[in-house]
Structures are given as C-alpha cells and as structure tokens.
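J.: Take this structure, written in structure tokens, and hold onto it; I'll ask about it next.
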Amino acid sequence: MDKLWSYPSAAKLCRQWELTPNKNFGQNFLDKAEIIYKIIAPFALDPQSTVLEIGPGLGHLSYAILSQGASLTSLEIDQKLEPALETLAHEYPQFTVLWGDALARNWEEFSQSNKKLYCIANVPYYLSSEILLKALLELWEAKAMALLLQREVAEKFAAKPGSRLYGPLAALAALYGEAKLSLRIPAQAFYPPPTIESRVLYLTKWQDFTAEPGRVEREAFWNFLQGVFATRRKTLRNNLKAFLTSEDLKISEDLKIDVEFVLEGLDQDPKVDLGLRPEMLSARQLWYIFKSLGQLKA
C-alpha cells in the first residue's frame, strides 16, 4: 500500500455515526485496504488525476484515491453518510461530495481535457446496467473506468463476440475501450457481506479510435445496438429490417425509408455479412454498419 491505512473500518464507522447499511441503496461497504489499493493501482493516480466516484459509501475507496493526491468528486444519494464523508473532506481539500441521485445528473460536466479523468464505482448491483450505460454515454472523455460489480454481471459486460453473454452493453463498452476482468472479491471483504461474489471490471479507452463519436451519435449507436440485438436468434438482416421500420428509429415523419434499398446496399459491401447473428460481430463491425446507414438515424 502506498500509504499506511488508518481509515476506520465500516463496522466502526457505523457504530460511531449510528448508521445501518441501507438495503434499498444496495449498501455493502468495501473496507479491505489491500483489495482497495489493488483496485486503483492500474490507474497510477497522482495530483494530475481527476476521479469521479459513484457511490462512495463511507469513504474507504475515496480515502485510498485521495491518498494518491488525486482530485475526487463523489456522487452519493444517502445523506445519512454525510458525517463520515464530511470528516474525510475536512482532511482532503481536493475532495468534493455532491449529494443526490447520480443517475439524475449529467456526468459530462466532470470531463476535463486538461487532466486525466477516471471513473471508479462500487456499483449497487441493481443499478449495474444503468450506471455503466450512463458512464459510456456521458464520460467518453475518461481514460479508464473501474466498476466493482456482481461477478456474473461483470462477466456479461466483458463478454466477447461469439459468447452467449455478448449483448448491446458489452458492444458499446467494447467500442469505448478494452474490457478486462480483474480481481475476484469475496463477500467477506464487505460490510455487511453480500450473498454473492464480486469482481472488478476495467474499461481502458482505446487510443487508436480516431473518429470520436459525440454524445448524440453515441446515443444513436446505443439505440441501434438495442435494435440489432432485439431478437438474438435472428440474423442481422432480419433484426435490421425490423429496426429500420420501427418507431425506435426516431426519424422525421416526412423522411421515407426504402428499407430494401438500404439492405441491398449493405449486401453489396464486402465488409458486411447480414446473414450473421449480431452476437458474432465485433463492436467495430457493428459501428461500421451503423455508420453505413448514413443519415437514416438523424
């Protein structure tokens, strides 16, 4: 560990502030120092780093991040945790806690081009998909993300093409960056212990992706992914046909789509095989097809 761990245990803090972990918020506090420092180690945090933390809880991950000198903004919904987090904020002036529902806030406000931005979250398991999606849509500037997830969910989000687990969120994540499964974290590392095993999912942004998609285009691509994965047993052609004729396409009423013309055009592209099922295609292959649709998804 980079710094002697002196932060109180979760059990001690709960006793000190008369707190009971809130099941409605999915509160299982990770407070094992050796695991926490392993989680943040790949980021090589320093005073030039900025971290957005989703759900700091009692501040154990926060303490480790701050001990590296990084600037930290944490989003927390449970104001009963304020005594513990405010005590930590008094010690570290570069620590800011913003109270309220993290999903109701626009995370793009935290992107800073002049600093290294990272996202770290001990994710409430019932909000895993919502938090990952929001991060991918609104924190595209982040250099990397680390999400502490239920093991099965982490494996689903990191799934590769050809896997039965591979789906829209895994494809969107793979367009953003390289997904890597890391630490397996036992239930005993949390207070109180959950009933499941957890795992850390790292997403490291690609450096060779020259055509950076803007926010509107990312949302359109997510809409496209949901369409082409709508029926997994169908081919890409059939899913695309259903998608291009659905209300989900969200195009103006006066724009008429010749679906057969579009599909014929894709058929003539040697880089596209509409006979495949969507789970056989990589994120960049799906991105290529999406871009080939041109302005149809305006």
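J.: So Leu137 fits all but one of (1) aliphatic (A, V, I, L, M); (2) out of contact with any strand residue (DSSP E or B) (no Cβ under 8 Å at 6 or more places or on another chain); (3) assigned to a loop (DSSP other than H, G, I, E, B); what number is the exception?
T.: (3)
J.: Condition first: open to solvent by 30 Å² or more (accessible area, probe 1.4 Å), of a type outside the set (Val, Ile, Thr) and under 26 Å from the mean Cα position of the chain (by Cα). Can you find one or more residues in segment 2-20 that meet it?
T.: The answer is no, given that none of the residues of segment 2-20 is open to solvent by 30 Å² or more (accessible area, probe 1.4 Å), of a type outside the set (Val, Ile, Thr) and under 26 Å from the mean Cα position of the chain (by Cα).
J.: Okay, next question. Give just the number: which of (1) touching a helix residue (DSSP H, G or I) at 6+ places or on another chain (Cβ under 7 Å); (2) not in a strand (DSSP E or B) does Lys80 not satisfy?
T.: With respect to (1) touching a helix residue (DSSP H, G or I) at 6+ places or on another chain (Cβ under 7 Å); (2) not in a strand (DSSP E or B), Lys80 is out only on (1).
J.: While we're looking at this one, here's another question. Mind checking whether some residue in segment 130-139 is free of Cβ contacts under 8 Å to residues at least 12 places away in the same chain and open to solvent by 10 Å² or more (accessible area, probe 1.4 Å)? Lay out the reasoning, then the answer.
T.: The first filter runs over segment 130-139 and keeps only residues free of Cβ contacts under 8 Å to residues at least 12 places away in the same chain, leaving none.
No: zero hits.
J.: While we're here: Please find, among Val200, Val216, the residue that is at pLDDT 90 or above, surrounded by 18 or more Cβ atoms within 10 Å (Cβ to Cβ) and among the aliphatic types (A, V, I, L, M). Break it down into steps so the answer makes sense when it comes.
T.: Values: Val216 fails: surrounded by 18 or more Cβ atoms within 10 Å (Cβ to Cβ).
One residue alone meets the criteria, Val200.
J.: Can you spot a residue in segment 43-59 that is surrounded by 15 or more Cβ atoms within 10 Å (Cβ to Cβ) and farther than 22 Å from Trp107 by Cα? If you could, list the steps in order and put the result at the bottom.
T.: Initial filter on segment 43-59 (surrounded by 15 or more Cβ atoms within 10 Å (Cβ to Cβ)): 43, 45, 49-59.
Among the residues that remain, those that are also farther than 22 Å from Trp107 by Cα are: none.
The answer is no; no qualifying residue exists.
J.: List the number of the failed condition for Ala230; all other conditions in (1) of a type in the set (Gly, Ala, Ser); (2) assigned to a helix (DSSP H, G or I); (3) open to solvent by 50 Å² or more (accessible area, probe 1.4 Å) hold.
T.: For Ala230, the failing item is (2).
J.: Right, something else. Can you tell which of Leu117, Leu98, Leu148, Leu103 is in a strand (DSSP E or B) and surrounded by fewer than 16 Cβ atoms within 10 Å (Cβ to Cβ)? Let's see the steps before the verdict.
T.: On the way: Leu117 fails: surrounded by fewer than 16 Cβ atoms within 10 Å (Cβ to Cβ); Leu148 fails: surrounded by fewer than 16 Cβ atoms within 10 Å (Cβ to Cβ); Leu103 fails: in a strand (DSSP E or B).
Step by step, each of Leu117, Leu98, Leu148, Leu103 is checked, and only Leu98 is in a strand (DSSP E or B) and surrounded by fewer than 16 Cβ atoms within 10 Å (Cβ to Cβ).
J.: Could you check Ile39 against (1) open to solvent by 30 Å² or more (accessible area, probe 1.4 Å); (2) more than 13 Å from Phe190 (Cα to Cα) and say which number it fails?
T.: Tallying (1) open to solvent by 30 Å² or more (accessible area, probe 1.4 Å); (2) more than 13 Å from Phe190 (Cα to Cα), Ile39 fails exactly one: (1).
J.: What number of residues within segment 95-140 satisfy the criterion of being in contact with a helix residue (DSSP H, G or I) (Cβ under 8 Å, 6 or more places away or on another chain) and farther than 28 Å from Leu183 by Cα?
T.: Looking only at that region, the number is 3.
J.: Any idea how many residues of segment 261-285 are touching a residue at least 24 places away in the same chain (Cβ under 8 Å), of a type in the set (D, E, K, R) and either in contact with a strand residue (DSSP E or B) (Cβ under 9 Å, 6 or more places away or on another chain) or in a loop (DSSP other than H, G, I, E, B) (or both)?
T.: Number satisfying all stated conditions: 2.
J.: State which residue is nearest to Leu293 (Cα to Cα) when the search covers only segment 241-264 and only residues that are open to solvent by less than 70 Å² (accessible area, probe 1.4 Å) and at pLDDT below 85. Can you show your working first?
T.: Of the residues in segment 241-264, the ones open to solvent by less than 70 Å² (accessible area, probe 1.4 Å) are 242-244, 246, 249, 251-252, 257, 259, 262-263.
Next, from what is left, pick out any that are at pLDDT below 85: 246, 249, 251-252, 257, 259, 262.
Working: Ser246: 15, Leu249: 12, Ile251: 13, Ser252: 16, Ile257: 11, Val259: 11, Val262: 7 Å.
The selected residue is Val262.
J.: Same structure, new question: Which condition breaks for Glu155 when tested against (1) more than 14 Å from the chain's Cα centre (by Cα); (2) surrounded by fewer than 19 Cβ atoms within 10 Å (Cβ to Cβ)?
T.: For Glu155, the exception is condition (1).
The values are calculated or read from the model by the stated rules, or taken from the named source; none is laboratory data. Computed from a prediction, not measured in an experiment: that's the story for all the values here. Here Cβ is always computed from backbone atoms with ideal geometry, including for glycine, and neighbour counts include all displayed protein chains. Heavy atoms of the whole protein, side chains included, go into the accessibility calculation; ligands, DNA and RNA do not. Shrake-Rupley method; radii C 1.70, N 1.55, O 1.52, S 1.80 Å.
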